[in-house]
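Structure first, commentary second.
The values are calculated or read from the model by the stated rules, or taken from the named source; none is laboratory data. None of these values were measured; they are calculated from a predicted model. With ideal geometry, Cβ positions are generated from the backbone for all residues, glycine too; neighbour counts draw on all protein chains shown. Each accessible area value is taken on the protein alone, full model and side chains, heavy atoms only, with ligands, DNA and RNA left out. Shrake-Rupley method; radii C 1.70, N 1.55, O 1.52, S 1.80 Å.
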Amino acid sequence: RELAAKDPNTPNGSFLRDEDGTIIFFAVIMLLVMFMIGGMGVDIMRFESTRTELQQTADRATLAAASVKQRLDGTDVVNDYFLKAGLADKLTNVEVTNGANFRTVRTEARAKTNPIFMRLRGMSATDQIEARALSVANQQLSNVEIQLVLDVSGSMGGNKITDLKVAAKEFIDTVLA
């Protein structure tokens, strides 16, 4: 009160007791906090959008390539899907395994996103967030019919029929295993 009384611009110390405008400081701080949180949300949504597009492309490509009816090479099918989606540079690995009654395809992809607002929070300008996609598909044919045709005519006399029986037994053991 002594300072207010000595100040000619504050009659009767009214300046010290005046509360007009005190909420402005709090509102400005809250606005900055909301801006930073909203910006981080935008960065996270950009990352999630990239990751989702990458994962969906990997899933579609892997399923198409894993089809046992697919006549094209599995790696070519996956590469074509990523090329047409505009993500060819994001594809990192494709593994195709073919068998008598199955095909397995494993696809990996990575994409980096550059956060804009998270840099305000302490990320360096070179930091990026990496979105990864992994997709594995396996198609198998069940109830595969296998036939074993044996020649038991007169030309199979002697040791030939004995060797045929041994070979047929080995074949059956191998198939059942």
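Here is a list: SER135, SER142, SER155. Which entry is on the phi < 0 side of the Ramachandran plot, assigned to a helix (DSSP H, G or I) and small (Gly, Ala, Ser)?
SER155
Residues ALA66, ALA27: which one is surrounded by 16 or more Cβ atoms within 10 Å (Cβ to Cβ) and at pLDDT 85 or above?
That would be ALA66, the only listed residue that is surrounded by 16 or more Cβ atoms within 10 Å (Cβ to Cβ) and at pLDDT 85 or above.
Would you call LYS112 open to solvent by 70 Å² or more (accessible area, probe 1.4 Å) and in a strand (DSSP E or B)?
For LYS112, the condition - open to solvent by 70 Å² or more (accessible area, probe 1.4 Å) and in a strand (DSSP E or B) - is met.
Please verify whether segment 133-150 includes one or more residues that are at pLDDT 90 or above, touching a Lys or Arg at 6+ places or on another chain (Cβ under 7 Å) and surrounded by fewer than 16 Cβ atoms within 10 Å (Cβ to Cβ).
yes
Restricting segment 104-115 to residues that are more than 16 Å from GLU53 (Cα to Cα) and in contact with a helix residue (DSSP H, G or I) (Cβ under 6 Å, 6 or more places away or on another chain), which is modelled with the lowest pLDDT?
Among them, the one singled out is PRO115.
Determine whether segment 86-103 contains at least one residue that is modelled with pLDDT of 90 or more, over 30 Å from GLY41 (Cα atoms), surrounded by 14 or more Cβ atoms within 10 Å (Cβ to Cβ) and not hydrophobic (A, V, I, L, M, F, W, C).
Within segment 86-103, one or more residues are modelled with pLDDT of 90 or more, over 30 Å from GLY41 (Cα atoms), surrounded by 14 or more Cβ atoms within 10 Å (Cβ to Cβ) and not hydrophobic (A, V, I, L, M, F, W, C).
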